[in-house]
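See below for the structure under consideration.
The values are calculated or read from the model by the stated rules, or taken from the named source; none is laboratory data. These figures come from a predicted structure and were not determined experimentally. Note: ideal-geometry Cβ built from the backbone for every residue, glycine included; neighbour counts use all protein chains shown.
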Amino acid sequence: MNYLEAYRESLESPETFWGRAANDISWDRKWDQVLDASNLPFVQWFKGGMLNTCYNAVDRHVEEGRGDQIAVIYDSPVTETIEKISYNALLERVSKVAGMLSALGVGKGDTVLIYMPMIPEALVSMLACARLGAIHSVVFGGFAPRELAVRIDDARPKVIMSASCGIEVKRIIPYKPLLDEAIEISTHKPDKTVIYQREMIKADLSGDRDLDWMELETSAASTGCVPVAATDPLYILYTSGTTGKPKGVVRDNGGHAVALRWSMKHIYNIGPGDVYWAASDVGWVVGHSYIVYAPLFTGATTILYEGKPVGTPDPGAFWRVISEHKVKALFTAPTAIRAIKREDPNGVFLKKYDLANFETLFLAGERTDPDTYYWATDLLQRPVIDHWWQTETAWAICGNFRGLEFFDIKAGSATMPMPGYNLKILDASDGKELGPNENGVICVKLPLPPANLPTLWNDDKRFVESYMAPFPGYYLTGDGGYVDEDGYVFVMGRIDDVINVAGHRLSTGGMEEVLAKHPAVAECAVVGAYDNLKGQVPLGFVVLKAGVSQDRDEIIKELVQMVRTDIGAVASFKKAVIVDRLPKTRSGKVLRGTMRKIADGEEFSVPSTIDDPAVLKEIGVALKTIGYAVE
Ligand code: COA
Ligand code: AMP
């Protein structure tokens with residue numbers, strides 16, 4: 001089957017296309033209906049089917065004779081550890097950790113929050129939840145206690161699983177105090193917190209609800225897989241929306257397993273026994289889908305890397321891992337490639353390693369800019385594939401195919417829509433479908449394919465309002481772009497107040513809520529300004545209250561610290577400027593898009609709705625004092 005045949009069939013007869021793909025998954029009970037789209041925008045995939053996600057990721061490979069094969073390679077330059085875990089060993093640990101959770105009262109439908117660094121226990125805890133039919137919610141380690149508390153209150157976990165610390169290059173970050181603070185702030189309190197003690201720091205476990213992970217795991221009884229409905233939730237993953245309140249994206253079990261398994265074969269060309277590496281973090285969707293679930297569904301070997309592209313110890317780190325573990329495909333963010341390029345522009349470090357097994361570099365998280373694309377392609381002499389996706393979708397919306405049909409690459413394009421995604425470019429003002437090369441809002445005609453979010457956690461209303469109501473009959477991706485005359489999709493950036501900082505999705509609205517709490521601040525705005533390493537970084541604009549006499553540099557320092565404390569270091573909020581007023585429309589809407597263009601030194605047209613055009617000049621002058629607005 002070529003791409004066009006697959007794409008057509010997936011849209012004209014989704015039942016045939018996905019029903020066939022579902023044969024690669026092991027079911028406890030076959031589905032009654034592949035697709036139930038009778039209640040749009042709500043969709044149910046594989047209705048009536050029963051399966052267990054952990055069984056498909058672990059047990060089945062042992063039963064099929066691959067028990068001795070390596071399932072996970074934990075490569076941690078920050079602790080100088082390399083540990084190889086076979087499918088047999090993984091099964092043993094996951095069964096025991098599931099037993100440990102079960103003994104704590106966790107069962108089907110309960111929620112468990114996981115706040116972990118990149119260690120095998122992170123992956124084991126996710127699989128253990130799946131084994132019990134419990135719903136995990138992993139929170140990225142770089143988020144501060146307040147962000148963690150918001151997620152605790154929304155997911156209402158029975159148990160929280162964490163570790164004594166994370167390691168950021170050489171900095172040890174104790175997690176337990178952060179967790180304690182989060183639980184202190186949150187209204188919901190978990191029954192128990194289970195802490196994995198790492199060697200470099202031992203957490204204080206004297207609190208009423210604190211338990212030592214290894215003590216419990218050692219004495220736990222192994223537990224088997226609990227079959228769940230295909231439509232039952234597997235996990236909740238919070239992602240940034242346009243306000244400070246994150247969206248709890250829900251993932252089902254059945255559609256997720258089917259689509260991810262399909263994607264491994266057809267997009268990444270990975271089969272059983274291949275070594276695959278997603279250099280991300282389990283706290284992000286890339287980590288959920290491509291560090292944990294998809295490679296394990298496939299019976300491949302996945303790499304769990306606790307390190308950075310540079311500094312652990314040098315810009316050859318990625319090439320060392322690829323060479324040492326015979327990696328066939330690497331998936332990372334363009335920012336990681338830019339970080340390597342900055343420190344090793346001529347690829348001197350690459351020359352030290354044999355990359356014979358390496359076939360493809362996949363990039364996502366932000367658009368791969370043509371400069372990064374050409375640099376990586378010249379250096380690696382292999383295809384560099386940009387593919388576009390979101391937390392909401394769990395797998396690519398657009399991309400190229402190493403296992404179906406490979407298209408010539410156009411720099412700056414995410415190539416073709418994936419099967420199942422009926423992609424349309426709509427006019428933002430009237431929702432009319434646009435033609436080739438016309439810029440608009442990228443939408444997907446319903447129904448969404450398997451693995452896409454069925455709803456938001458406990459919030460059908462927000463699900464409909466955020467994604468489905470703006471253009472009835474379509475899912476609004478939140479990204480803008482165009483399709484060229486050959487059908488190539490160009491994703492040019494968010495059309496809302498979400499920004500991507502070093503491949504991390506953040507809400508400018510959330511940062512504004514933090515800045516607004518400062519006693520000297522009358523109003524504020526945050527935009528995503530261009531950054532040649534991280535793609536974008538947040539830039540704050542602050543108007544002070546009348547009569548404030550506090551030193552201005554001091555105010556900015558406090559604002560930077562507040563964002564770090566409330567959201568986390570990962571926000572990378574380091575720059576803000578004090579201005580007399582913000583540019584607004586006559587109806588009072590802040591013109592963030594125009595401010596961003598001024599900051600980036602881009603050409604801009606003065607919006608016809610602006611209240612007072614003179615303010616734009618003032619903004620430009622203020623920005624020049626901190627090194628922005630350079631034409
Ligand atoms: N726990 C605690 N703190 C964390 C953290 C974690 N898990 N992850 C990041 N941070 C901290 C960093 O230490 C840094 O702190 P600092 O301000 O004190 O220096 C801050 O958050 C910002 O982190 P980051 O944006 O990652 O910047 P960096 O300078 O440390 O590294 C890159 C830059 C490009 C090397 C790095 O961002 C990277 O490897 N990016 C790849 C991103 C990726 O894989 N994204 C997933 C989507 S595919
Ligand atoms: P996240 O939900 O964290 O995966 O972030 C999703 C957002 O990242 C998308 O809505 C896009 O704005 C951006 N993004 C991810 N991959 C790409 C890509 N290949 N090209 C352009 N934007 C991307």
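Below are the figures for this structure:
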read-out: Any pair with Cβ under 7 angstrom, 6 or more apart, that starts in segment 235-249 at a residue that is surrounded by 20 or more Cβ atoms within 10 Å (Cβ to Cβ) and ends at one that is in a loop (DSSP other than H, G, I, E, B) and of a type in the set (Ser, Thr, Tyr); value: Leu237/Thr391; Pro246/Ser240; Val249/Thr391
read-out: Strands (runs of 3 or more DSSP E) (entirely within segment 498-604) containing at least 2 residues that are touching a residue at least 60 places away in the same chain (Cβ under 8 Å) and of a type outside the set (Asp, Glu); value: 498-501, 504-507, 521-531, 535-544
read-out: Criterion (at pLDDT 95 or above, aliphatic (A, V, I, L, M) and within 11 Å of ligand 1 (Cβ to nearest atom)) met by exactly one of Val537, Val521, Val577; value: Val537
read-out: Selected residue [within 30 Å of Ala149 (Cβ to Cβ) and more than 28 Å from the chain's Cα centre (by Cα)] from Gln550, Gln561; value: Gln550
read-out: Whichever residue in segment 311-347 is within 16 Å of ligand 2 (Cβ to nearest atom) and assigned to a helix (DSSP H, G or I) and, among such residues, is nearest to Pro77 (Cα to Cα); value: Ala336
read-out: Per-region count, segment 331-343, residues touching a Gly at 6+ places or on another chain (Cβ under 8 Å) and either hydrophobic (A, V, I, L, M, F, W, C) or surrounded by fewer than 18 Cβ atoms within 10 Å (Cβ to Cβ) (or both); value: 2
read-out: Identity of the residue in segment 378-394, touching a residue at least 12 places away in the same chain (Cβ under 8 Å) and either at positive phi or away from ligand 2 (no atom under 11 Å from the Cβ) (or both), that ends up surrounded by the most Cβ atoms within 10 Å (Cβ to Cβ); value: Ala394
read-out: Qualifying residue in segment 428-446 (condition: under 20 Å from the mean Cα position of the chain (by Cα), part of a loop (DSSP other than H, G, I, E, B) and buried (at least 17 other Cβ atoms within 10 Å of the Cβ)); value: no
read-out: Residue under evaluation Gly403, criteria (1) assigned by TED's automatic domain parsing to the domain that holds Thr477; (2) under 30 Å from Gly254 (Cα atoms); (3) crowded, with 16+ Cβ neighbours inside 10 Å, criterion not met; value: (3)
read-out: Positions within segment 268-280 being more than 19 Å from Glu324 (Cα to Cα) and buried (at least 24 other Cβ atoms within 10 Å of the Cβ), in sequence order; value: Tyr268
read-out: Some residue of segment 514-524 being surrounded by fewer than 16 Cβ atoms within 10 Å (Cβ to Cβ) and either assigned by TED's automatic domain parsing to the domain that holds Ala230 or within 14 Å of ligand 2 (Cβ to nearest atom) (or both); value: no
read-out: Segment 374-407: number of residues that are in a helix (DSSP H, G or I) and within 16 Å of ligand 1 (Cβ to nearest atom); value: 2
read-out: So Ile555, is it modelled with pLDDT of 95 or more, out of contact with any helix residue (DSSP H, G or I) (no Cβ under 9 Å at 6 or more places or on another chain) and not assigned by TED's automatic domain parsing to the domain that holds Gly244; value: yes
read-out: Any pair with Cβ under 8 angstrom, 6 or more apart, that starts in segment 206-231 at a residue that is within 29 Å of Arg251 (Cα to Cα) and ends at one that is of a type in the set (Phe, Trp, Tyr) and in a loop (DSSP other than H, G, I, E, B); value: Ala230/Trp31
read-out: Unmet requirement for Glu63, which otherwise passes all of (1) out of contact with any Pro (no Cβ under 6 Å at 6 or more places or on another chain); (2) touching a residue at least 12 places away in the same chain (Cβ under 8 Å); (3) on the phi < 0 side of the Ramachandran plot; value: (2)
read-out: Candidate set: segment 532-547, residues that are within 20 Å of the chain's Cα centre (by Cα) and not small (Gly, Ala, Ser); chosen: the one surrounded by the fewest Cβ atoms within 10 Å (Cβ to Cβ); value: Leu533
